[in-house]
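Contents: one structure, followed by commentary.
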Amino acid sequence: SKASRQTPLKVRSRLETRIARVEREIAALDARKAEIDALFAQVELYEDGARVKTLQAELESIGLRNAERVAEWETLLGDYEKT
């Protein structure tokens, strides 16, 4: 199989790349969550009910995606530590 032909160094390098990508995705999701939280702190936002609902839905989506990315990161990190 292809995996068995890869050297441990290649496996570690590939895992490092994937871990870094997932970490960037998590950071981007966290940044967007902080932006939305700041918007919710503005009283005038609540004058636009549709925008509030849209932002709430986005916040829920961010939470789910963030949880998925963190789980993926933990798995990758575990694999990395085994190599």
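The values are calculated or read from the model by the stated rules, or taken from the named source; none is laboratory data. For clarity, every value in this text was computed on a predicted model and none was experimentally measured. So basically every Cβ, Gly included, is an ideal-geometry build from the backbone, and we count neighbours across all protein chains shown. Only protein heavy atoms, including side chains, enter the accessible area calculation; ligands, DNA and RNA are left aside. Shrake-Rupley method; radii C 1.70, N 1.55, O 1.52, S 1.80 Å.
Couple of notes before you dig in:
- In the stretch 61-80, the residue that is nearest to residue 14 (Cα to Cα) out of those that are of a type in the set (Asp, Glu) and open to solvent by 70 Å² or more (accessible area, probe 1.4 Å) is 74.
- When the test is whether a residue is touching a Pro at 6+ places or on another chain (Cβ under 7 Å) and either aromatic (Phe, Trp, Tyr) or open to solvent by 60 Å² or more (accessible area, probe 1.4 Å) (or both), residue 83 passes it.
- Hits in the stretch 26-60 (condition: open to solvent by less than 50 Å² (accessible area, probe 1.4 Å) and farther than 30 Å from residue 15 by Cα): 36, 39, 40, 45, 49, 52, 55
- Count - residues of the stretch 7-50 that are outside any helix (DSSP H, G or I) and more than 24 Å from residue 72 (Cα to Cα): 3
- Residue within the stretch 67-78 that is assigned to a helix (DSSP H, G or I), of a type in the set (S, T, N, Q) and free of Cβ contacts under 8 Å to residues at least 24 places away in the same chain present: yes
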